[in-house]
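A.B. asks: Okay, here's the structure, questions in a sec.
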Amino acid sequence: FLRWNSRTPVELEGDVYSLCACNDVGSSRLVQMMSEFSLDDLDGLADYILTTSREVTLEKIRALPEGTYRNTVTMDGYEHEIDLVAALTVADDGIEVDYTGTSPCSGYGINVPLSYTRAYTCFGLKVAIAPDIPNNHGSLEPFRISAPVGCILNAQRPWPTMGRHLIGQMLPDVMFGCLHQIIPGRVPAEGASCLWNPQLRGGPSTVGAEHPQANNIMTRDFDIVTFNSGGTGARPAKDGLNGIAFPSGVRTMPVEATENVAPVVFWKKELRPDSGGPGKFRGGTGQVMRIGAHRDAPFAVLAMFDRVHHAARGREGGRNGLAGGVTLARSRKPLNNKGRQVVPPGERLELSLPGGAGYGDPLERDPGRVAADVRNGLVTAEAARRDYAVAVSAEGLLDEAETGRLRAGARRAAE
């Protein structure tokens, strides 16, 4: 019954079986634990865990300076830009986050239900304030989140919410902007944040009406989604992560897995040089992906991307990451970063995923680390000179004398 009601029956069946297996193992281990400690029920243990988690979380919150801290993140949106406006208030009994001032709902499916808003807001708060406390009702209760009905973070029926991740996965960055005012040195710079998940569709019934020659090239329809990530923001004491998802935690899919089940070819998938924001700690780099169909047939892409018009912002003197881009690879014609579009015959889709922002003054970055980035293809020699005042050959060999002169001149100019 489930298989016949799914467009991906094999994947669905595997998901259901994996959930059943997890439940079986969890049930067995729970019974073993109760037998070992002679427990007839879990009520006392649950009360202890929830109460302790709540009190320890409140202790962490009470160590913060009370007050209200504000931050705004502007996103590309769909038909218009989206402002995510937050006021974070630290009080003795918890933290309140109010999203009054946030943009209204969109006519397209990028709206966010309040439950999703609460989840990603709490995630951003908890990983910075109380990361070592178990995630349960007790540890989450001190975080109270509200958003006006009708704003894009509190969508009610019948507003569409299929692409809610595009907005919701930005909320940890919104929280980090507030928290940086409270606990500087504890939160990263902004990152690419939301996943870049192109949904690729092709075949006679998908693009045949728009490009009849597709009927002769492709005999079957396909519809597949790939999961991909830009770079994370640099951390207060470490570089950002390259091509890694945050906050979703979804890993990039191997191209071979996609090519094995759909008639598409990934002609390029590599890290994107210079996309990580310069800083004492460099932002994580994005990726460059070039995708085509078999025999260069036409296909459609349902674009669900952000950070094309508004790059990730740096912190403490770190510079912004590089914004993303969506183009046709051969003609270089730009495409919209959201919505269904057709890649015509003979063309390929090129995605330039955004990089994370930098943290700290780029002139404080160790020149040896800049040279290593050049050797590893993460930074070009030109960008090393321009952004870090470091003289490096194209092969990554550091010129220490020239670097000393460049940095002295850059510091004088800054003064």
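The values are calculated or read from the model by the stated rules, or taken from the named source; none is laboratory data. Remember, it's a predicted structure, so these values are computed and weren't measured experimentally. Here the Cβ is made from the backbone with ideal geometry for all residues, glycine too, and neighbour counts use every protein chain on show. Ligands, DNA and RNA are stripped out before the accessible areas are found, and what is left, the full protein with its side chains, is counted by its heavy atoms. Shrake-Rupley method; radii C 1.70, N 1.55, O 1.52, S 1.80 Å.
A.B. asks: Which of rounded, prolate, oblate describes the stretch 8-56, given a ≥ b ≥ c as roots of the alpha-carbon gyration tensor eigenvalues and a/c under 1.5 marking rounded, otherwise prolate only if a/b is larger than b/c?
C.D. replies: Cα axes put the stretch 8-56 in the oblate bin.
A.B. asks: If you don't mind, there's one more thing I want to ask. Summing -39500 (n - 2.57) over the DSSP H runs of n ≥ 4 in the chain and dividing by its residue number, what mean residue ellipticity at 222 nm do you reach, to the nearest 500 deg cm²/dmol?
C.D. replies: On the way: 12 runs with 131 residues, N = 415.
One gets -9500 deg cm²/dmol as the mean residue ellipticity at 222 nm.
A.B. asks: Separate question: Which order do Ile244, Ile167 take by accessible area at a 1.4 Å probe, largest first?
C.D. replies: On the way: Ile244 65, Ile167 0 Å².
The ranking, largest first, comes out as Ile244, Ile167.
A.B. asks: What order do you get for 287-300, 226-239, 22-35, 188-201 when each peptide is scored by the mean count of other beta carbon atoms within 10 Å, highest first? Display every interim value, and only then the final one.
C.D. replies: Working: 287-300: 21.1, 226-239: 24.4, 22-35: 10.5, 188-201: 26.5.
Ranked by mean Cβ neighbours within 10 Å, highest first: 188-201, 226-239, 287-300, 22-35.
A.B. asks: When the chain is fully extended, how far beyond the present Cα-Cα distance does Arg3 get from Val149, taking 0.36 nm per residue of separation?
C.D. replies: Numbers: separation 146, 0.36 × 146 = 52.56 nm, distance 3.67 nm.
Additional length available on full extension: 48.9 nm.
A.B. asks: If you add up the charges near Val112, with Lys and Arg at +1 and Asp and Glu at -1, over every other residue whose beta carbon is less than 11 angstrom from its beta carbon, what do you get? Present the calculation step by step, with values, prior to reporting the outcome.
C.D. replies: Working: positive: Arg118, Arg164; negative: none.
Neighbourhood net charge equals +2.
A.B. asks: Turning to a different aspect of this structure: Probe radius 1.4 Å, ligands and nucleic acids left out: which of Phe1, Phe246 has the largest accessible area, and how do the rest follow?
C.D. replies: The ranking, largest first, comes out as Phe1, Phe246.
A.B. asks: Could you check the spin-label model distance between Arg295 and Ser35? Points 7 Å from the Cα along Cα→Cβ, value in nm.
C.D. replies: Spacing of the two 7 Å Cα→Cβ label points: 6.1 nm.
A.B. asks: Quick one, could you list the DSSP H helices from the chain stretching 24 Å or more along their long axis (Cα atoms) with average Kyte-Doolittle hydropathy of 0.0 or above?
C.D. replies: Working: long enough: 9-36 (41 Å, 0.10); 43-62 (28 Å, -0.26).
What comes out of the filter, once short or polar helices are dropped, is 9-36.
A.B. asks: If the limit is 29 Å between Cα atoms, which of Lys280/Lys333; Lys126/Lys238; Lys268/Lys333 go over it? Each step should come with its number before you reach the end.
C.D. replies: Working: Lys280/Lys333 35 Å; Lys126/Lys238 20 Å; Lys268/Lys333 18 Å.
Result: Lys280/Lys333 exceed 29 Å.
A.B. asks: Assuming 0.36 nm per residue, please report the length gained on full extension of the stretch Arg62 to Leu12 beyond their Cα-Cα distance.
C.D. replies: Values: separation 50, 0.36 × 50 = 18.00 nm, distance 4.52 nm.
Contour length minus the Cα-Cα distance gives 13.5 nm.
A.B. asks: Follow-up. Under a crude label model (7 Å from the Cα following the beta-carbon direction), how far is Ala394 from Lys238 in nanometres?
C.D. replies: For Ala394 paired with Lys238, the spin-label model returns 3.4 nm.
A.B. asks: Still on this structure, please answer the following. Tell me the label-point distance for the pair Arg186, Arg375, using the 7 Å Cα-to-Cβ offset, in nm and rounded to one decimal.
C.D. replies: Using points 7 Å along Cα→Cβ, the separation is 3.7 nm.
A.B. asks: Mind ordering 275-281, 86-92 by average Cβ neighbours within 10 Å, highest first?
C.D. replies: Values: 275-281: 30.4, 86-92: 17.7.
Ranked from most to least packed, the peptides come out as 275-281, 86-92.
A.B. asks: For the stretch 306-415, what's the radius of gyration and Dmax over Cα atoms, in angstrom?
C.D. replies: 17.7, 55
A.B. asks: If you don't mind, there's one more thing I want to ask. Where does each of 73-85, 313-325, 118-130 land if you order them by average Cβ count within 10 Å, highest first? The partial results should precede the final answer.
C.D. replies: Working: 73-85: 18.5, 313-325: 23.8, 118-130: 21.7.
The packing order, highest mean first, is 313-325, 118-130, 73-85.
A.B. asks: Which GluC sites (Glu not before Pro) does the stretch 14-74 hold that lie in a coil by DSSP with at most 15 other beta carbons within 10 Å? Intermediate results must be reported in sequence, preceding the final value.
C.D. replies: Numbers: sites: Glu36, Glu55, Glu59, Glu66; in loops: Glu66.
When the GluC sites (Glu not before Pro) of the stretch 14-74 are filtered for loop state and at most 15 Cβ neighbours within 10 Å, Glu66 remain.
A.B. asks: For volume of the Cα convex hull per residue in Å³, several values are listed as (i) 192; (ii) 206; (iii) 129; flag the one computed from this structure.
C.D. replies: Recomputing volume of the Cα convex hull per residue in Å³ here gives the entry labelled (i).
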